Amino acid sequence: MKRREFLTIPAGALGGTLLYTLAREPFLLRAQEGSAKDGTVKVPLRFFTAGEARVIAAASERIFPSDASGPGAKEAGVVIYIDRQLAGPYGADKYRYTKGAFVESVPEHGYQAKANPRETYRDGIAKLGVNFDELPVEQQIQKLQSMEKTHFFQLLRTHTIEGMFSDPMHGGNAGMIGWQLVGYPGPRMSYREDIDKHFGTEFRPKPASLEQIMKRPGKPWEDEKV
Amino acid sequence: MTNLKPVDVAIIGGGWTGLAMAKELVSRTSVSVLALERGAPRSTADYAMDMDELDYNVRLRMMQNIAEETITHRHSLRDSAVPVRQYGSFHPGTGVGGAGEHWTGMSFRFMQDVFTMRTHLTEKHGAAHLPADLAVQDWGVTYDQLEPHYWYAEQMMGVSGKAGNLGGKLIDGGNTFESPRSHDYPTPALKQAYASYLFDQAARKLGYHPYPTPAANLSENFTNPDGISRPACAYCGYCTRFGCMIGAKAQPSNTLMPVLRKHKSFQLRTGSWVRRIVHENGRATGVQFTDANGEEFFQPAETVILSTFTLNNVRLMYLSKIGTPYDPASGKGTLGRNLTHQVQGGARIYFDKPLNAFMGAGCLGMRISDYDGGNGLTGEDGLLRFGMLSCNSRGEQPIAAFGAIPPGSAKSNWGAEWKAASLQWRDRVSDLTLAGEHMSYRQNYIDLDPTYTDKFGDPLLRFTLDWTEHEYKQHDFAYDLAAKIGPVMGAKVDPRRPSHAKYNTINYQSTHIQGGAIMGASPDTSVVNPYLQHWDVPNLWVIGASSFPQNASGNPTLTALAVTHWAADAVINKYLKHPGKLA
């Protein structure tokens, strides 16, 4: 049996409602098996090894950094989001046309190669290097710049944005930190009374997630059996 | 292969057109009707937990499983085609209701000259001034003939809007360029959001004639002539690529299925993938399908209605060897000809004020038709047809919206500088959008791919499709028009002009794929007659946007429903009484 892998992160670094983020994993911050007494949490990983998760956590943080303009990939838990996407049907290309022949074509036809997102990440992480997360920030940025044109980098950039702003049931946007950052209120049943008001001024209802407004568990696609 | 008990009418596809045809048949006749849908059942109750941008808007959870079947694409006869491996430029639906569940709901009537396009353009410009490769045709049916059927479709869905031409009387605030209507819209126009309000004010100031986009989203609670009640739109913004969780957006599941369920003569079989129309001696004898367990069936039927999305209508005829494949070299043959999409374009605009753009509805917006069709165009610069320019408040979602920044505001598209710029411009960006006519050309067509196959090993469809100089002129015209209106709205217009790029299968344009099984007055140039009856196989009817000889600027669903109802009248009032060729 594959050894269970965990990502260890400082509890304070993650938005504050990590418990909610991990709702479908039976998981309690205090009572968690193997949790350290040093204020860290261990997030069970579905796809990455702990080392790979650290590399992707660092790389996504360079793409969407936590800085003076607000929180970033680290606080949102983007790496947890990516880990789940890769473990699910998306990562395995369950819903992509994957019959051969695989031939290179013009750019207007998009990604035509055989590798699925899981393979693309494994290859990309190898190119970033297993010690990527230990490099100084400037070197991390340079390394990513040198890979900007690769399919891997483009996926990573796209997934980082998704992990910042998708509903928290997918594992990122912890505590709706991404939605708070951009003033998105989450899904809401009605704006009938507001749609033609607030012209030119900010209308920013307090965010709520899908599971909060519907009061039942979501069925994120990544949980589908591959 | 298991032989099933015969039915009077077998309908292939359980989307808008198939179920609309079924509803007419079972409510107006005593025939037995079986609809075969390859996807799963759907209902409004399924949609409550779908307000999730990632799974539905990004990963496209409601679409056909592209791993099982896709199309291939090439730009010209000289190229070899490759598969569309992930959805991009259009989104075919699946399941009961088909793409009619996740559509946006824009519900236009086409202008009358669209239906007589070849005649109209020849009269206006002279045959010598039309592009040599232009393949536009007359439909064989006129706007006046379709008008009552448009009205039927508008009532069925409760389309909201404001008439601009009631029986020839022009009405300010509606689309004064539309062809005459017998009735105003069943429900009033939706409320407008900030961005579309600004467009309305600016366009008016400039002397244009803005009007609200006609929407299959109810502006007020409504009961249609079938007695089906639905609630008013809540402007939640989860329309396009989502099913409506309250049923305010008209979908087959909330308008047609509640009626059909009451009829014992109607049966719906889901998970049933029709793979061949079986025929002999010029008559369809039934359909062959494979169910979800891989078991094969033959369903005998007196009449077959082929009413899937454009793609599968054309493909099933190719696979069943019905009709004569089109040959672009000689211009002979009909199956697959006149493939069109829709011309998109316009310009991005940037405001210094928040738009609260997360509120909206897929078809909430204001638009102008001052240059729609051939309005205001002389044709001297080669621009024969244009389209509508609009500003929409669709309900912006944060993954898709993030990172829309004016050029030059960040050196890269990631990192600290990009993040700060994206946050600065967050909720201050909108688009002025062209919905432009895509005329048909000889070289744009559909056939079977010689290499790639579906999950059963049957050949995929192949698109040969590219933009021409005319579409680039439409792009330029749209940009220039947007650049006039944007500043009057108080916005800065993105300085990047249209790039005149080739057709790409990556970026979403619209799911408005038309043609391939077009209607017309002659069997030499069309697949079906003006009643949508197949010219060679009179007990086969092929309905939907596959029958449109060219794209009109407006989105096709309302017209697809109008021609379905027109065809249903022909089936019921003429064909079933005296089976045979109607033309």
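The values are calculated or read from the model by the stated rules, or taken from the named source; none is laboratory data. Being a predicted model, the structure only gives us computed values, none of them experimental. When we count neighbours, we look across all protein chains shown, and the Cβ atoms used for this are built from the backbone with ideal geometry, even at glycine.
Can you run down the residue pairs with Cβ atoms below 6 Å, 6 or more apart or on separate chains, where the first is in segment B:134-155 and touching a residue at least 40 places away in the same chain (Cβ under 8 Å) and under 18 Å from B:Gln533 (Cβ atoms) and the partner is basic (Lys, Arg) and not in a loop (DSSP other than H, G, I, E, B)?
B:Gln137/B:Arg118; B:Asp138/B:Arg118
If I filter segment B:531-555 down to residues being touching a strand residue (DSSP E or B) at 6+ places or on another chain (Cβ under 6 Å) and part of a loop (DSSP other than H, G, I, E, B), which single residue comes out as farthest from B:Lys574 (Cα to Cα)? Talk me through it step by step, then tell me what you get.
Taking segment B:531-555 as the starting set, the residues that turn out to be touching a strand residue (DSSP E or B) at 6+ places or on another chain (Cβ under 6 Å) are B:532-534, B:537, B:539-542, B:545, B:547-548, B:550-551, B:553, B:555.
Cutting the leftovers down to part of a loop (DSSP other than H, G, I, E, B) gives us B:532, B:537, B:539, B:548, B:550-551, B:553, B:555.
Numbers: B:Leu532: 13, B:Val537: 16, B:Asn539: 12, B:Phe548: 23, B:Gln550: 27, B:Asn551: 29, B:Ser553: 32, B:Asn555: 30 Å.
By that ranking, first place goes to B:Ser553.
Any residue in segment B:457-475 that is small (Gly, Ala, Ser) and either part of a strand (DSSP E or B) or touching a residue at least 60 places away in the same chain (Cβ under 8 Å) (or both)?
Of the residues in segment B:457-475, the ones small (Gly, Ala, Ser) are B:457.
Pick out the ones that are also either part of a strand (DSSP E or B) or touching a residue at least 60 places away in the same chain (Cβ under 8 Å) (or both) and you get none.
No, segment B:457-475 contains no residue that is small (Gly, Ala, Ser) and either part of a strand (DSSP E or B) or touching a residue at least 60 places away in the same chain (Cβ under 8 Å) (or both).
Tally time: how many residues in segment A:102-131 are in a helix (DSSP H, G or I) and more than 15 Å from A:Glu52 (Cβ to Cβ)? Step through it out loud before you land on a result.
In the first step, residues of segment A:102-131 are kept if they are in a helix (DSSP H, G or I); the result is A:107-109, A:117-128.
Subsequent filtering for residues that are more than 15 Å from A:Glu52 (Cβ to Cβ) retains A:107-109.
Qualifying residue count for the region: 3.
For the condition within 12 Å of another protein chain (Cβ to nearest Cβ), more than 17 Å from the chain's Cα centre (by Cα), more than 21 Å from A:Val182 (Cβ to Cβ) and small (Gly, Ala, Ser), what is the one hit in A:Ala68, A:Ala113, A:Ala126? Lay out the reasoning, then the answer.
Numbers: A:Ala68 fails: more than 21 Å from A:Val182 (Cβ to Cβ); A:Ala126 fails: within 12 Å of another protein chain (Cβ to nearest Cβ).
Every option except A:Ala113 fails the conditions.
Return the total of residues in segment B:389-400 being buried (at least 20 other Cβ atoms within 10 Å of the Cβ) and either of a type in the set (A, V, I, L, M, F, W, C) or part of a loop (DSSP other than H, G, I, E, B) (or both).
So the answer is 6.
Which numbered condition trips up B:Ala410, out of (1) in a loop (DSSP other than H, G, I, E, B); (2) surrounded by 24 or more Cβ atoms within 10 Å (Cβ to Cβ)?
With (1) in a loop (DSSP other than H, G, I, E, B); (2) surrounded by 24 or more Cβ atoms within 10 Å (Cβ to Cβ) applied to B:Ala410, the lone miss is (2).
Test of understanding: among B:Gly140, B:Gly98, which residue is within 15 Å of B:Thr559 (Cβ to Cβ) and not charged (D, E, K, R)?
Numbers: B:Gly98 fails: within 15 Å of B:Thr559 (Cβ to Cβ).
That would be B:Gly140, the only listed residue that is within 15 Å of B:Thr559 (Cβ to Cβ) and not charged (D, E, K, R).
Exactly one condition in (1) more than 9 Å from chain B (Cβ to nearest Cβ); (2) surrounded by 14 or more Cβ atoms within 10 Å (Cβ to Cβ); (3) over 21 Å from B:Ser393 (Cα atoms) is not met by A:Lys215; state its number.
Against the list (1) more than 9 Å from chain B (Cβ to nearest Cβ); (2) surrounded by 14 or more Cβ atoms within 10 Å (Cβ to Cβ); (3) over 21 Å from B:Ser393 (Cα atoms), A:Lys215 comes up short only on (2).
Which residues, taken from segment B:228-281, are within 14 Å of chain A (Cβ to nearest Cβ) and either closer than 27 Å to B:Leu316 by Cβ or among the hydroxyl-bearing types (Ser, Thr, Tyr) (or both)?
B:Tyr235, B:Tyr238, B:Arg241, B:Gly243, listed by residue number.
For segment B:35-61, which residues satisfy the criterion of being within 11 Å of chain A (Cβ to nearest Cβ), at pLDDT 95 or above and farther than 25 Å from A:Pro107 by Cβ?
Selection gives B:Met51, B:Asp52, B:Glu53, B:Leu54, B:Asp55, B:Tyr56, B:Arg61.
Restricting attention to segment B:486-525, which residues are without any contact (Cβ under 8 Å) to a residue 40 or more places away in the chain and outside any loop (DSSP other than H, G, I, E, B)?
Step one: list which residues in segment B:486-525 are without any contact (Cβ under 8 Å) to a residue 40 or more places away in the chain, which gives B:487, B:497, B:499-501, B:522.
B:Pro487, the sole residue that qualifies.
Hey, can you tell me all the residues within segment A:132-179 that are of a type in the set (Phe, Trp, Tyr) and either closer than 20 Å to B:Tyr56 by Cβ or in a loop (DSSP other than H, G, I, E, B) (or both)? Before you say what the answer is, go through the steps one by one.
First, pick out the residues of segment A:132-179 that are of a type in the set (Phe, Trp, Tyr): A:132, A:152-153, A:165, A:179.
A:Phe165, A:Trp179 - these are the residues of segment A:132-179 that are of a type in the set (Phe, Trp, Tyr) and either closer than 20 Å to B:Tyr56 by Cβ or in a loop (DSSP other than H, G, I, E, B) (or both).
Which numbered condition in (1) within 9 Å of chain B (Cβ to nearest Cβ); (2) in contact (Cβ under 8 Å) with a residue 60 or more places away in the chain is the only one that A:Tyr95 fails?
Against the list (1) within 9 Å of chain B (Cβ to nearest Cβ); (2) in contact (Cβ under 8 Å) with a residue 60 or more places away in the chain, A:Tyr95 comes up short only on (2).
Would you mind stating whether A:Met147 is crowded, with 24+ Cβ neighbours inside 10 Å and either more than 9 Å from chain B (Cβ to nearest Cβ) or more than 24 Å from A:Lys114 (Cβ to Cβ) (or both)? Before the answer, list the steps.
Working: crowded, with 24+ Cβ neighbours inside 10 Å: no; either more than 9 Å from chain B (Cβ to nearest Cβ) or more than 24 Å from A:Lys114 (Cβ to Cβ) (or both): yes.
Criteria not met by A:Met147.
Within segment B:291-323, work out how many residues are in contact (Cβ under 8 Å) with a residue 12 or more places away in the chain and surrounded by fewer than 18 Cβ atoms within 10 Å (Cβ to Cβ).
Step one: of segment B:291-323, the residues in contact (Cβ under 8 Å) with a residue 12 or more places away in the chain are B:291-292, B:295-320, B:322-323.
Those left that are additionally surrounded by fewer than 18 Cβ atoms within 10 Å (Cβ to Cβ): B:291-292, B:295-296, B:298, B:300.
Looking only at that region, the number is 6.
For the structure I just gave you, tell me whether B:Gln397 is more than 12 Å from chain A (Cβ to nearest Cβ) and of a type outside the set (Gly, Ala, Ser).
Considered against the rule, which asks whether it is more than 12 Å from chain A (Cβ to nearest Cβ) and of a type outside the set (Gly, Ala, Ser), B:Gln397 comes out as no.
Conditions (1) within 14 Å of chain A (Cβ to nearest Cβ); (2) out of contact with any Ser or Thr (no Cβ under 6 Å at 6 or more places or on another chain), marked per residue:
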position	(1), (2)
B:Arg496	no, yes
B:Ala501	yes, yes
B:Thr505	yes, no
B:Ser522	no, yes
B:Thr525	no, yes
B:Gln533	no, yes
B:Asp536	no, yes
B:Asn539	no, no
B:Ser546	no, no
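Output the qualifying pairs, or none if there are none: Cβ atoms under 8 angstrom, residues six or more apart or on different chains, first residue in segment B:400-416 and farther than 15 Å from A:Arg157 by Cα and more than 12 Å from every other protein chain (Cβ to nearest Cβ), second residue among the hydroxyl-bearing types (Ser, Thr, Tyr) and surrounded by fewer than 19 Cβ atoms within 10 Å (Cβ to Cβ).
B:Pro406/B:Tyr350
If I ask for residues that are within 14 Å of chain A (Cβ to nearest Cβ), part of a loop (DSSP other than H, G, I, E, B), out of contact with any helix residue (DSSP H, G or I) (no Cβ under 6 Å at 6 or more places or on another chain) and not aromatic (Phe, Trp, Tyr), which ones from segment B:309-361 would you list?
B:His341, B:Asp352, B:Lys353, B:Pro354, B:Asn356, B:Ala357, B:Met359
Can you tell me how many residues in segment B:469-500 are within 19 Å of B:Gly408 (Cα to Cα) and surrounded by fewer than 16 Cβ atoms within 10 Å (Cβ to Cβ)?
Counting residues in segment B:469-500 that are within 19 Å of B:Gly408 (Cα to Cα) and surrounded by fewer than 16 Cβ atoms within 10 Å (Cβ to Cβ) gives 5.
Select from segment A:184-197 the residues that are of a type outside the set (D, E, K, R) and surrounded by 17 or more Cβ atoms within 10 Å (Cβ to Cβ) and write down the one among them that is farthest from the chain's Cα centre (by Cα). Let's see the steps before the verdict.
Start the filter on segment A:184-197 by keeping residues that are of a type outside the set (D, E, K, R), which leaves A:184-187, A:189-191, A:195.
In the following step, the residues that additionally are surrounded by 17 or more Cβ atoms within 10 Å (Cβ to Cβ) were identified as A:184-187, A:191, A:195.
On the way: A:Tyr184: 18, A:Pro185: 19, A:Gly186: 17, A:Pro187: 19, A:Tyr191: 29, A:Ile195: 31 Å.
My answer is A:Ile195.
Assuming B:Ser430 fulfils every condition listed in (1) touching a helix residue (DSSP H, G or I) at 6+ places or on another chain (Cβ under 7 Å); (2) part of a loop (DSSP other than H, G, I, E, B); (3) within 30 Å of A:Gly72 (Cβ to Cβ) apart from one, which condition is it?
(2)
Filter segment B:217-229 for residues that are under 18 Å from B:Pro252 (Cα atoms) and in contact with a strand residue (DSSP E or B) (Cβ under 6 Å, 6 or more places away or on another chain) and give the result. Walk me through it before giving the result.
So the first thing to find is which residues in segment B:217-229 are under 18 Å from B:Pro252 (Cα atoms), and the list is B:217-218, B:221-229.
Within segment B:217-229, B:Asn217, B:Leu218, B:Phe222, B:Thr223, B:Ser229 qualify.
Residue by residue, here is whether (1) surrounded by fewer than 18 Cβ atoms within 10 Å (Cβ to Cβ); (2) in contact with a strand residue (DSSP E or B) (Cβ under 9 Å, 6 or more places away or on another chain) holds:
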position: A:Phe64; (1), (2): no, no
position: A:Lys74; (1), (2): no, yes
position: A:Lys114; (1), (2): yes, no
position: A:Gly129; (1), (2): yes, no
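Name every residue in segment A:161-199 that is within 21 Å of A:Lys219 (Cα to Cα), in contact with a Lys or Arg (Cβ under 8 Å, 6 or more places away or on another chain) and within 7 Å of chain B (Cβ to nearest Cβ), in order of residue number.
Listed by number, the residues that qualify are A:His170, A:Pro185.
Condition first: at the interface with another protein chain (Cβ under 10 Å from one of its Cβ atoms), under 19 Å from the mean Cα position of the chain (by Cα) and assigned to a helix (DSSP H, G or I). Can you find one or more residues in segment A:205-212 that meet it?
yes
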